[in-house]
Amino acid sequence: MPQTVVVGIDGSDESGRALRWAADYVTKVGGLVHAIAVWHQPVQFGYRLPTPDSELEARARELLDGTTEAVQREFPDVDIRPRLIRGHVVDELVGLSPQADMMVLGNKGHGAFTGMMVGSVALKLVHHARCPLLVVR
C-alpha cells in the first residue's frame, strides 16, 4: 500500500536530510511526500515584530522551494508536494498527522525564523502526532 509521508521543512540542513530520507523511503515502498513549511508572525513581549507578513511568507516559500527542488533533483521519480501553511508548527503538523502514514523531522532547525525549533517540535509531536514519527539526525 502506498505511503503518505509528511516532512517538516524549515530550510535547515536537518530538514533537507529529513526530506531526502523520506524521498528515499517512498522510492522503496511507494507513495508520496508532503513537504510542509509552517510560518507565522512572531510575537515578542506581546508585540508583533515589524516584519510584514508578505516578507515572512516569501522567505518561508523560498526556503521550502529551495529544499524541495534540491531533493526533487536527486529523486526525480518521487512525488514531492510542497505546501506552505500559516500557523503554529506543532498545531499544524499534529493536524496533518491523522492523514499521514509517517511524519519525518530533522533533529533541529531554524527556530528563530519560523518558530520551528525542531528539537522542541519533535518532542511535542512524539506525544501528540497520530502517526509514527521519525527524527533524522
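Rule-based calculations on the coordinates, nothing more; no lab input. Please read all numbers here as calculations on a predicted model, not as lab measurements. Positions of Cβ are backbone-derived with ideal geometry, glycine not excepted, and every protein chain shown enters the neighbour counts.
Give the Rg (one decimal place) followed by the Dmax (whole number) of the chain, computed from C-alpha coordinates and expressed in Å.
Rg, Dmax (Cα atoms, Å): 14.3, 48.
Quick check on the chain: helices-only [θ] at 222 nm, where DSSP H runs of length 4 and up contribute -39,500 (n - 2.57) each and the sum goes over total residues. Nearest 500, please. Can you show the working numbers first?
Working: 5 runs with 62 residues, N = 137.
Roughly -14000 deg cm²/dmol at 222 nm, from the helical runs in the chain.
Mind ordering 26-39, 51-64 by average Cβ neighbours within 10 Å, highest first?
On the way: 26-39: 19.6, 51-64: 14.8.
Ranked from most to least packed, the peptides come out as 26-39, 51-64.
What distance in nm separates the simple spin-label points at V126 and D79, each placed 7 Å from Cα in the Cβ direction?
Reported label-point gap for V126 and D79 is 3.3 nm.
With θ taken as phi - 60° and the coefficients 6.51, -1.76 and 1.60, list the Karplus ³J(HN,Hα) couplings across the range 22-31 in order, rounded to whole Hz; mark glycine and proline as x.
Coupling constants for the range 22-31: 5, 5, 4, 4, 6, 5, 8, 10, x, x Hz.
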